[in-house]
Amino acid sequence: MKRNDFRGGGIKCSIVTFVAILLFPFYGRAQEDGNFEFRYPLDVPMSLSGNYGELRSNHFHAGIDFRIGGVVGAPVYAAADGYVSRISVSPTGYGNALYITHSDGYVSVYGHLHRFEDKIREYVRAEQYASGSFVVDLSPDSICFPVKAGQLIAFGGNTGSSGGPHLHFEVRKEGSTLNIVTNRLFAMDDGRKPVINRVAFMGYDIEDGVARVFRINRPRLRSAVIPLPRLSYVAVDAVDRMEGTNAKLAIGEYSVFLDGECIYRFRVGDISMNESRYLNSLIEYPLKSRTGRTMVKSYVEPGNGLAYKIDCINDGLIVLDDDSLHTLTVEVKDYANNAERIDYKVKRASGLLRVNDSLSQKGTFAAWHLPFFYKKEGLVFSMPAGSLYRSIYFDAAEDSDASGDFCSKVWSISGYETALHVPARLSIRYDGPDSLRAKALLVSVSHSGRIYGAGGAIDSCGYVTSRVSSFGSYAVALDTVPPSVRVYIANGETLRRDIVSFSIRDRLSGLDRYEVEIDGRWVLAEFDAKRSRLSVNLADAKIGRGKKHRLVIRVSDNKGNETVVKRDFKW
């Protein structure tokens, strides 16, 4: 197939480009049945490393991850006619990413790119030098970069928050990311059934408006009868399998039946971007916190914003009102409608059940649908309405077992097993030297004693305040240590390579700015956050060859600590 190159564009769009657009419309082609048509955006054999709706940390995966052969550089092509409407460069997230707008409101997204096609790359480089920033988010108009389906736009890579070389591809429309398979935007073969890895049985009770949940010890033999309390639910760990890949892919539909009657069914469908965090209500979050295992539960919490996608009876609870033997069926389906199911025999327990989780202790009642405010000597905590998925007993207590170099008490807040949908506001009183107040920030303290920066600044009342996205243990600490910078160039060294790299890290408050100058002039330095690596392409920097040069690196963190490193070199 012939590959098109850009005709026009560059730093500024030309009149020639505009005329070309008039003569050759660039929008995507619609099928006769009204469905939009996309082509596969690569020319390597199709193999998935991830698919739509995978249960990731705090979100659903919004697209499809295509393998590109284990190395960077695979050509990436426009999936349909349109124009490049957004170009973003970031050390995290999608890294180097392109957004193409098509007709009928469709937008295709290409993430983790190694580099852009040359004309786009020139445009981005000019904007980066104009702004003095590696990170850019650009919105060229529709006449700058028109594209045809199958036109080369970039090369696949591993930039941003990527775990290996691949192309992240997604399609958006009207604020939602679309399920490419179920919307039939292009076809993928899948003849393999999903796999149910594990099913957990959870007891359920409610006391004073707060649900109390406990895990039930079930018999080892699957054929054995499982004793359950009157109210319970299940949590399911399942993955899909597909030809041509060993990846553990997303399930498209979860169902639970009691004696043949469906009491719970969740279909992934399309997930809007502002709904994605409701994943934490869909899964058994305490189990995820303890074990790292992500399991979809049948119980539908009152604050679950995905409830409209769920068909259920009794909020998805298993209700046993008699002493008869019942059949409970767990079924999962993939997007190709391949199904796997497991049947269990269950019966209401005649006595108390031995459980392997302790029930939560009482505290201050916090209703899931109302704002919440809590104050204690040395601590203030507040949540807006809608922060919780279900009502809880909130508690904050001093963690006497925690040790470390802190400027406050260590507060254990409610418990790490409660999910927050929107950030809460936390303030802890500072108890440290007045001379170092500007260096104070909140830190989260793990069970092992490790600390992680949680941001914030001190106010006139002596409290350090920040927004936190999870419960747990928090304290105030000081960041007085400047970022570390490792430069792999000896002073006076003659370089025989075009690309030089540096390692930059900050221990606590996080990196704020990083700048590289050569001979007193700002040059572009690309930052890979996952590797903590800053790289400069000397050829792109347009410095003279065979001459001596002065390199200066400045790196600062979010508390004003700065490291400056200087080197003389010849290239």
Please compute the net charge surrounding E207, taking Lys and Arg as +1 and Asp and Glu as -1 over other residues with Cβ under 15 Å from its Cβ. +2
What value does region 487-571 have for Rg/Rh, both radii from Cα atoms and Rh as Kirkwood defines it? 0.97
Helix-only mean residue ellipticity at 222 nm, the chain, DSSP H runs n ≥ 4 weighted -39,500 (n - 2.57), per residue, nearest 500. What is it? -1500 deg cm²/dmol
Residues of region 498-512 with amide N under 16 Å of the 7 Å Cα→Cβ point at W522: 512
Distance cut-off 26 Å, Cα to Cα: go down the list K288/K309; K297/K333; K376/K439; K309/K345; K288/K376 and report the pairs above it. K309/K345; K288/K376
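What's the local net charge at T182, with K and R +1, D and E -1, over the other residues with C-beta under 14 Å away? Mind showing how you got there, number by number?
Values: positive: K173, R184, R267, K309, K333; negative: E170, D190, D240, E253, D270, D334.
Net of charged neighbours comes to -1.
Which percent of the accessible heavy-atom area of the chain goes to carbon and sulfur, probe 1.4 angstrom? Write out the running numbers ahead of the final one.
Numbers: 12700 of 26460 Å².
Here carbon and sulfur together make up 48 percent of the probe-accessible area.
Stokes-Einstein at 10 °C, 1.306 mPa s, Kirkwood radius from Cα pairs: D for region 310-466 in µm² s⁻¹? Present the calculation step by step, with values, prior to reporting the outcome.
Details: Rh = 19.8 Å.
For the chosen part, D equals 80 µm²/s.
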Give me a comma-separated list of calculated 3J(HN,Hα) values for region 223-240, in order, Karplus coefficients 6.51, -1.76, 1.60 applied at θ = phi - 60°, integers in Hz, x for any Gly or Pro. 6, 6, 6, 9, x, 10, x, 4, 10, 7, 7, 10, 10, 10, 9, 9, 9, 9
Give me the accessible area of D189, 1.4 Å probe, in Å² rounded to the nearest 10. 140
Excluding residues fewer than 8 positions from K570 in its own chain, the aspartates and glutamates with Cα under 18 Å of it are E493, D498, E517, D519, D540
Note down the accessible area of S470, probe 1.4 Å, to the nearest 10 Å². 50
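Based on the alpha-carbon gyration tensor of region 65-177 and its eigenvalue square roots a ≥ b ≥ c, which shape applies: rounded if a/c is under 1.5, prolate if not and a/b is larger than b/c, or oblate? Each step should come with its number before you reach the end.
Values: a/c = 1.41, a/b = 1.04, b/c = 1.35.
It is rounded, given that a/c, with a ≥ b ≥ c, falls under 1.5.
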If I model a spin label as a point 7 Å beyond the Cα along the Cα-Cβ vector, how far apart are those points for V225 and K345 in nm? 0.7
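Using a Förster radius of 25 Å, what is the FRET efficiency between R531 and D104 based on their Cβ-Cβ separation? Nearest 0.05, please. Numbers along the way, then the final one.
Numbers: r = 40 Å, r/R0 = 1.58.
So, using R0 = 25 Å, E works out to roughly 0.05.
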Would you give the gap between the C-alpha center of region 516-571 and the C-alpha center of region 49-67, rounded to a whole Å? 35
Return the lysines within reach of K173: Cα separation strictly under 17 angstrom, same-chain partners fewer than 8 residues apart disregarded; answer none if there are no such residues. none
Label point at H447 placed 7 Å out along Cα→Cβ; residues across region 256-292 whose backbone nitrogen lies under 12 Å: 287-292
Report the calculated FRET efficiency for Y40 and S460 (r = Cβ-Cβ distance, R0 = 41 Å), to the nearest 0.05. 0.10
³J(HN,Hα), Karplus 6.51/-1.76/1.60, whole Hz, each residue of region 531-543, x for Gly, Pro: 9, 6, 10, 10, 10, 10, 8, 5, 5, 5, 6, 6, 9
Compute, for Y452, the solvent-accessible surface of its heavy atoms (probe 1.4 Å) with the complete set of protein chains present, and express it in square angstrom to the nearest 10. 110
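The values are calculated or read from the model by the stated rules, or taken from the named source; none is laboratory data. These numbers come from a predicted model, not from an experiment. All Cβ positions, even for glycine, are placed from backbone atoms using ideal geometry, and neighbour counts span all protein chains on display. Quick note on the areas: whole protein, heavy atoms, side chains included, nothing else; ligands and nucleic acids left out. Shrake-Rupley method; radii C 1.70, N 1.55, O 1.52, S 1.80 Å.
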